[in-house]
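Read-outs: derived from the displayed coordinates by stated rules, not from any lab. Please read these numbers as outputs of a predicted model, since none were measured by experiment. Ideal geometry is used to build each Cβ from the backbone, glycine not excepted, and the neighbour counts take in all protein chains shown.
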Amino acid sequence: MAQVRTRQAPLDARELTNEQEWSQAWPVLRQLRPHLKLEFLLQSRESLIALGYKLYGLYVNDRIVAVCAFFVHPHVEHGRAAWLADLVTDSTERGNGYGAALLQSLERVILEAGCTRICLHTEISNVRAQHFYNDHAKYDRYAVVYRRLLSDRGADTPGE
């Protein structure tokens, strides 16, 4: 994937495909999902990939500073839509534009995948993320997401 430049160092956004790369992403992912255990993440990796989950990392000086995943979802009216998941920037690196840079890179990948739109959801209580998506990423708020847990496996802390 092409390198993106910001005011700081050159950025390298790329898909994380192997166990080592997912392990490197885990400390950043865990900041968003504190109950996520590394073992659970690695055990889930192959089945997530088989379902179309693509995890990307943004590297600065060979260190992952932000991660985001997406998967393609068919839509009866709009064709292919990409759903973003798990966007998080390392807490020590927030405010440097890394989340926006990773989103910008992913938007190109998602367009190349034939998607016509990007969708995401965030927790109602996550005001900081809502601010980022509204004000910095320029995403439109257009829907409300509901859920119903069908088993304990769908609980908020599956990786405990």
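The table below lists the values:
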| read-out | value |
| --- | --- |
| FRET efficiency for Glu107 and Asp152, using Cβ-Cβ distance with R0 set to 35 Å, rounded to 0.05 | 0.45 |
| More than 15 angstrom apart: percent of Cα pairs within the range 21-94 | 58 |
| Highest-MSF residue in the chain out of His78, His136, His121 [GNM, Cα springs under 10 Å] | His78 |
| Protection-proxy order for peptides 137-145, 105-113, 45-53, each taking the mean of Cβ atoms within 10 Å per residue, highest first | 105-113, 45-53, 137-145 |
| P(r) weight above 20 Å for the chain, C-alpha pairs, percent | 52 |
| Dipole of the chain [Lys/Arg +1, Asp/Glu -1 at C-beta], most positive-end residue of His121, His136, Leu32 | His136 |
| The chain - percent relative contact order, Cα under 8 Å, separation 6 or more | 21 |
| Estimated distance in nm for a label pair at Glu39 and Ala143, the labels positioned 7 Å out from Cα along Cα-to-Cβ | 3.6 |
| Kyte-Doolittle mean at least -0.5, axial Cα span of 20 Å or more - DSSP H helices of the chain | 98-112 |
| Residues Cys115, Cys68, sorted so that the one with the fewest Cβ neighbours within 10 Å comes first | Cys115, Cys68 |
| Which of Phe70, Phe40 has the fewest Cβ neighbours within 10 Å, and the rest in rising order | Phe40, Phe70 |
